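Everything on this sheet refers to the single structure shown next.
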Amino acid sequence: MSDKLQRDLEQNKKFQDTYIHTAAEPWLPFCPGIDFKLLRTTQETGAWTALFKCAVGSKFDRHEHLGAGEYVMISGKMEIRGGAQNGGITAYTGDYGYEPNGVIHDHTEFPEESVLYFTNNGPIRFIDENNQTVFVLDWQVLQGMETDAKSKLKTAA
């Protein structure tokens, strides 16, 4: 074994790669019409990454980002704040978006079946029309949702 290869092996023993064969993972219920696959969470920063599969007509309710988010549309179409025709954003297959900390989305709709890769660098606060907190989604809540849904799948099998 070369000296370089040996050094690399020793260095890499300190770290753990994350690899998920996403096709082998089940879609788990997130909210009506939307399923998810949790890819990564981290308590150090509160960041989390997930795939979301969104049925036609499904939506994420009004929310505020308490950490910046990034997404890539794997397939389908997503309309943020009413879509481009209403002054918002319409994202199509292959599109990338960045959502800054503090941004409020009145609602995000999916007029087509869509798959979305999403990373958020902190929680998302779901809010009502008066900006009152309805629900806070963070890395711990997502881990709990995943654990509960997988447990139900095992029980049903």
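The values are calculated or read from the model by the stated rules, or taken from the named source; none is laboratory data. Source: prediction; values computed, not measured. With ideal geometry, Cβ positions are generated from the backbone for all residues, glycine too; neighbour counts draw on all protein chains shown.
Assorted remarks:
- Flag if Ala149 is assigned to a helix (DSSP H, G or I) and either of a type outside the set (Lys, Arg) or surrounded by 18 or more Cβ atoms within 10 Å (Cβ to Cβ) (or both): yes
- Among residues of segment 75-119, those that are on the phi > 0 side of the Ramachandran plot and at pLDDT 95 or above, counted: 3
- Pairing each residue of segment 50-72 that is within 15 Å of Phe135 (Cα to Cα) with any residue that is among the charged types (D, E, K, R), provided the two are 6+ apart or on different chains, yields C-beta distances under 6 Å for Arg62/Asp106; Glu64/Arg125; His65/Glu99; Leu66/Arg125.
- Every residue from segment 55-94 that is closer than 14 Å to Phe110 by Cα and among the acidic types (Asp, Glu): Asp61, Glu79
- Gly122 satisfies every condition listed in (1) surrounded by 15 or more Cβ atoms within 10 Å (Cβ to Cβ); (2) at pLDDT 95 or above; (3) under 18 Å from Ile34 (Cβ atoms) except (3).
- The residues on offer are Gly83, Gly94, Gly87, Gly102, and the sole one that is without any contact (Cβ under 8 Å) to a residue 60 or more places away in the chain, out of contact with any strand residue (DSSP E or B) (no Cβ under 8 Å at 6 or more places or on another chain), over 26 Å from Lys150 (Cα atoms) and surrounded by fewer than 18 Cβ atoms within 10 Å (Cβ to Cβ) is Gly87.
- Search result, residues across segment 80-119 that are in a strand (DSSP E or B) and of a type in the set (A, V, I, L, M): Ile80, Ile89, Ala91, Ile104, Val115, Leu116
- Residue count for segment 101-147, restricted to those that are more than 20 Å from Thr42 (Cβ to Cβ) and more than 12 Å from the chain's Cα centre (by Cα): 23
- Pairs are defined by a Cβ separation below 6 Å, a sequence spacing of at least 6 or placement on different chains, a first member in segment 127-148 that is β-branched (Val, Ile, Thr), and a second member that is at pLDDT 95 or above and outside any strand (DSSP E or B); the pairs so defined are Ile127/Arg62; Val134/Asp128; Val136/Pro123.
Here is a yes/no grid of residues against (1) of a type in the set (S, T, N, Q); (2) in contact with a Gly (Cβ under 9 Å, 6 or more places away or on another chain):
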{"site": "Val56", "(1), (2)": "no, yes"}
{"site": "Phe60", "(1), (2)": "no, no"}
{"site": "Val72", "(1), (2)": "no, yes"}
{"site": "Thr93", "(1), (2)": "yes, yes"}
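- With respect to the stated conditions, Asp128 fails to be modelled with pLDDT under 95, within 30 Å of Ala84 (Cβ to Cβ) and among the charged types (D, E, K, R).
- Within segment 130-146, being assigned to a helix (DSSP H, G or I) and loosely packed, with under 12 Cβ neighbours inside 10 Å holds for one residue alone: Gly144.
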